[in-house]
1. Among His204, His140, which comes first, then next, by fewest other beta-carbon atoms within 10 Å?
2. What percentage of all Cα-Cα pairs in segment 84-205 are separated by more than 25 Å?
3. Pairs to check: Lys61/Lys134; Lys85/Lys201; Lys55/Lys183; Lys61/Lys85; Lys85/Lys183. Give those whose C-alpha atoms are more than 22 Å from each other in this structure.
4. Treating the Cα atoms of segment 253-300 as identical point scatterers in vacuum, please give the log10 of the normalised Debye intensity I(q)/I(0) at q = 0.24, 0.25 Å⁻¹, two decimals.
5. For segment 129-272, what is one quarter of the convex hull surface built on the Cα atoms, given in nm²?
6. Work through the residues other than Ser46 whose Cβ is under 10 Å from its Cβ and net out their charges, Lys, Arg +1 and Asp, Glu -1.
7. Under a Cβ-Cβ cut-off of 15 Å, what is the net charge of the residues other than His140 that fall near it, where Lys and Arg count +1 and Asp and Glu count -1?
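No lab work stands behind these numbers, since they all come straight from the coordinates. Everything numeric in this text was worked out from a predicted model, so none of it was measured. Cβ placement follows ideal geometry from the backbone for every residue including glycine, while neighbour counts extend to all protein chains displayed.
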Amino acid sequence: MAPSQKFSQPDWNRANFDFNWIWRGLVLIVVIWALLSCYSSVPADSEGVLIRFGKFQYVVKPGLCFKLPLGIDQLVIVPVQRQLKLEFGFATRGAFNPAQPSREPEAEQIMVTGDLNMALVEWVVQYRIDDAQKFLFQVHAPEETLRDASESIMREVIGDRTVDEVITIGRQEIENEALSGLKQLSERYGLGLSVMQIQLKDVHPPRNVQASFNEVNQAQQEKEQAINVANGEYNKAVPRAKGIADQKIREADGYGFKRVNEAEGDAERFTALLSEYKKAPEVTRQRIYLEAMADVLPQLERKIILDEKAGQLLPLLPLDQKAKSQ
């Protein structure tokens with residue numbers, strides 16, 4: 001076809017027809033896309049924040065919601081029911097939360113204690129979003145702000161204690177104090193975050209002094225063990241000695257009461273006997289003599305009775321020998 005040749009009427013009608021169908025198809029696609037973009041869903045563990053032309057409108061609860069199409073409304077999903085965490089001094093591979101892994105773990109874990117020693121501290125902050133509006137609009141990068149605030153508070157808490165407290169006995173107190181300070185700071189900044197827990201994962205001295213510190217720690221443990229053993233022996237020996245002393249004292253008291261009672265009884269018996277003796281001296285003397293003989297004579301093997309008025313010895317009958325031979 002020559003350049004100056006014009007389109008014929010059928011060709012023009014066919015081109016016009018194709019253009020109308022293309023236009024209608026584009027309009028239909030835009031309408032379908034607009035209808036589909038009018039609805040969105042919010043997961044059960046999240047809340048939706050509706051933004052219209054960049055301005056906050058309201059918070060959408062979980063479920064299906066309507067919004068204006070063509071980019072007029074935007075729905076930002078905020079996981080308010082999900083527990084999140086930030087890691088300090090170490091990094092976990094494949095972390096779900098982009099703000100979770102530490103950016104500079106080696107730099108974050110190095111801290112100076114109150115006695116000017118160095119300690120390597122690793123810890124985790126667990127939190128969740130409790131106010132979606134504040135989380136998105138109150139502070140720029142709230143999770144990064146929470147990370148910086150946590151590192152600042154932890155360095156302050158560690159700096160108030162000795163290295164022995166940080167590594168051994170003061171871990172629970174450090175966690176509680178850091179948690180309280182981070183909660184106050186989060187509320188003051190209006191981050192829209194609720195800090196749930198701070199947990200110290202690993203606290204140890206620098207690697208070049210790790211062996212020496214372990215030896216010192218082992219020596220302290222052996223010292224405490226020896227003290228505990230000594231206290232155990234003391235607690236065992238002292239009550240035993242006290243028990244023996246109490247037993248001796250009770251035995252002495254009992255023996256004293258016994259002797260006193262016996263002496264009082266003998267005195268009363270002697271007094272009664274003296275009273276009867278005064279009434280009848282001869283009878284009482286004879287009775288005492290007979291009672292004494294009754295106690296003495298059974299202890300003798302052979303018994304010879306002589307009459308002091310007899311002029312000569314009476315023939316003796318060896319009754320004891322016959323009784324023994326029988």
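1. On the way: His204 16, His140 7.
By the 10 Å Cβ count, ascending: His140, His204.
2. Details: 1591 of 7381 pairs.
Within segment 84-205, distances greater than 25 Å cover 22 percent of Cα pairs.
3. Numbers: Lys61/Lys134 16 Å; Lys85/Lys201 13 Å; Lys55/Lys183 29 Å; Lys61/Lys85 24 Å; Lys85/Lys183 14 Å.
Cα-Cα > 22 Å for Lys55/Lys183; Lys61/Lys85; rest within.
4. -0.85, -0.86
5. Working: hull surface 71.2 nm².
Computing the convex hull of the Cα atoms and averaging its projections yields 17.8 nm².
6. Working: positive: Lys61, Arg82; negative: Asp45, Glu47.
Value of the local net charge: 0.
7. Values: positive: Lys134, Arg147; negative: Glu143, Glu144, Asp148.
My count for the surroundings of His140 gives -1.
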